[in-house]
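Please read the structure below before turning to the comments.
The values are calculated or read from the model by the stated rules, or taken from the named source; none is laboratory data. Being a predicted model, the structure only gives us computed values, none of them experimental. Cβ sites come from the backbone with ideal geometry, for glycine too, and all protein chains shown count toward neighbours. When the accessible area is computed, the model is the full protein with side chains, heavy atoms only, and any ligands, DNA or RNA have been set aside. Shrake-Rupley method; radii C 1.70, N 1.55, O 1.52, S 1.80 Å.
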Amino acid sequence: MTPPQFRELFGSFPAQVAIVTAVDADGQPRGFTCTATCAVSATPPLLLVCVDENSQTLPAILTSRSFVVNILSGTGEAASRVFAGKHPDKFDHVRWRPSALAGGAPILTDIVLAYAECQVVQIQPAGDHRIIVGRIEGSAVFPRTPLLYGRGDYTSPSLPTRAPVGGV
């Protein structure tokens, strides 16, 4: 399978869109757009993210041993596009606050459907990526519509809202 075939296969169905953030050794925020996130375990609460070996955020995650998964709401499309690139000033385009539970990693307050504050518990090489498993130390969910990406385009479906179950 060629890389274009791989991208076509996994781009053929909608996926949630997240921006994964961390703080580097110099205290600078880093982040990238990610559709490769997944729940791993409820007990203990674990999730995984897949991070490209060439990502500018990977060294920050490895050094800080913490990160935030910001799952985007429908209002996050513009930010998703910015964070998908190599812009040096990505955080100038969004409001954020530092996570108290994930080493100061940015929580993108205005554009998230939900977020998970994580501590790294495992790192596994996988091809040109690393699978990073994080223990969820804190989270929040908001009554907003999700942002999805598939077949090269964004969509934000209307879903019924319900009361949040509670934070971790």
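Filtered by the rule that a residue be touching a residue at least 24 places away in the same chain (Cβ under 8 Å), under 15 Å from residue 29 (Cα atoms) and in contact with a helix residue (DSSP H, G or I) (Cβ under 6 Å, 6 or more places away or on another chain), the range 80-129 gives 83, 90, 103.
Pairs meeting the criteria (first residue in the range 2-17 and of a type outside the set (S, T, N, Q), second residue loosely packed, with under 10 Cβ neighbours inside 10 Å and assigned to a helix (DSSP H, G or I), beta carbons under 8 Å, at least 6 apart or on different chains) are lacking.
Is it fair to say residue 102 is assigned to a loop (DSSP other than H, G, I, E, B), modelled with pLDDT of 95 or more and buried (at least 18 other Cβ atoms within 10 Å of the Cβ)? Yes: the conditions hold for residue 102.
Okay, residues lined up against (1) surrounded by 15 or more Cβ atoms within 10 Å (Cβ to Cβ); (2) modelled with pLDDT of 95 or more; (3) touching a strand residue (DSSP E or B) at 6+ places or on another chain (Cβ under 8 Å):
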residue: 107; (1), (2), (3): yes, yes, yes
residue: 114; (1), (2), (3): yes, yes, yes
residue: 118; (1), (2), (3): yes, yes, yes
residue: 121; (1), (2), (3): no, yes, yes
residue: 132; (1), (2), (3): yes, yes, yes
residue: 140; (1), (2), (3): yes, yes, yes
residue: 154; (1), (2), (3): yes, no, yes
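Where residues in the range 73-106 are under 22 Å from residue 120 (Cα atoms) and aliphatic (A, V, I, L, M), which of them is nearest to the chain's Cα centre (by Cα)? Once the filter is applied, the top-ranked residue is 105. The criterion of at least 1 residues that are at pLDDT 95 or above and open to solvent by less than 20 Å² (accessible area, probe 1.4 Å) is met by the following helices (runs of 4 or more DSSP H) wholly inside the range 3-88: 58-64, 77-83.
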